1. Considering (1) touching a residue at least 12 places away in the same chain (Cβ under 8 Å); (2) out of contact with any Asp or Glu (no Cβ under 8 Å at 6 or more places or on another chain), say which one P73 fails and leave the rest.
2. Among the residues of region 89-103, which ones are at pLDDT 95 or above and assigned to a loop (DSSP other than H, G, I, E, B)?
3. Say whether the condition of being surrounded by fewer than 12 Cβ atoms within 10 Å (Cβ to Cβ), in contact (Cβ under 8 Å) with a residue 12 or more places away in the chain and not in a loop (DSSP other than H, G, I, E, B) is met by at least one residue in region 124-139.
Amino acid sequence: MPSNETQGPLSRLLRPAPPSSVKSPGGLDALSAEEISTIAMHGDDSERRAAAIERLMNGEPLRQLAGVAHGPPSSPDLSLAARRRLAQLIDTQEVDWAELSSGSDNAPALLQIADLCESPACLEQCLGAIDDPHEIVRIVLEGSSLRMRQLAAQRVEDRENLNRLLKQLQGKDKSVYRILKDKRDALRAEVHHAAHIEQDIRTLCASLEALPARTYDALFRLRSSTLKRAGTRSRAKRSPGRASACARPLSAAGPSSRNT
C-alpha cells in the first residue's frame, strides 16, 4: 500500500486550487450600474477601475473619465480606457459622434476617441474641423496611429509644408511619405499646366492684337474667325487678370475694325 509520503505530494497536485481571495474584475458582473460607476470614478484599485470603465454606459461619469466633460483629471491609463469605451459605444451607435464632439472643447481627447473608432468617418470629420495648418503638420509627424497620420497628410495643401514634411519623413513612414509626394507632384503639374495655359493666352492675345492691322483679303475672315473661336475656348481657362486683356483684341478683330 502506498505510503503517506507518496500520497502527500500527489494529492496536493490533484487537489483543486483554493479560490483566490483577491477581488477579480469579473466580480463586477453582479453589481448594479450605479455601483460600477462608483468603482470607475472612485475605486482604490486601478485594475478594477479600468474593468469597471469597460462596463460603463454613455453618461457623465464615462465622459468625465475620458476628458470630454468637466471633472477631475484622470490618470492616462484610465483616460485611455474611457476613450476606448466611448469609441466602442460610437461604433455601436449608442453614442452620437456629432453630439459628443460639439459638446466638448478638448480637441486632443476627441481626436484620440475618433482614432479609436473602427470607422474612419469620425477621424476624417475631426481632422476636417482643424483649420490650423501647423496642427495638421504636427499630426502628420506625431499622430498616434498610421491611419491618423495618413488622413492628416491628405489635408496638407501648402507647398512649403509639403516640401518640409517630405524632407523630415524621407526614409520613414513610407505610406505617409507617398501621400505627400503624390500631392506635391500633383501641385507641380497643376502649376505647370496653369503656366502653359497662360502662355497660350498671351500668344493668342498677341495674334488678336495684330489682326486689325493686317490688310483685309480673302483669308482675313477665316483668320479672324479661327482666332475668335480659340479665344472663346480659352475663356474658362483664363485667369481673371487676363480676361480684360483678351477681351479688347477679341472685339477689335470684329468687322468694324477691318479696312475694306
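1. (1)
2. Matches in region 89-103: T92, Q93, E94, V95, D96.
3. Taking every residue of region 124-139 in turn, at least one turns out to be surrounded by fewer than 12 Cβ atoms within 10 Å (Cβ to Cβ), in contact (Cβ under 8 Å) with a residue 12 or more places away in the chain and not in a loop (DSSP other than H, G, I, E, B).
The values are calculated or read from the model by the stated rules, or taken from the named source; none is laboratory data. Small disclaimer: the values here were computed from a predicted structure and weren't measured. Methodologically, a virtual Cβ is constructed for each residue, glycine included, from the backbone with ideal geometry; neighbour enumeration extends over all protein chains shown.
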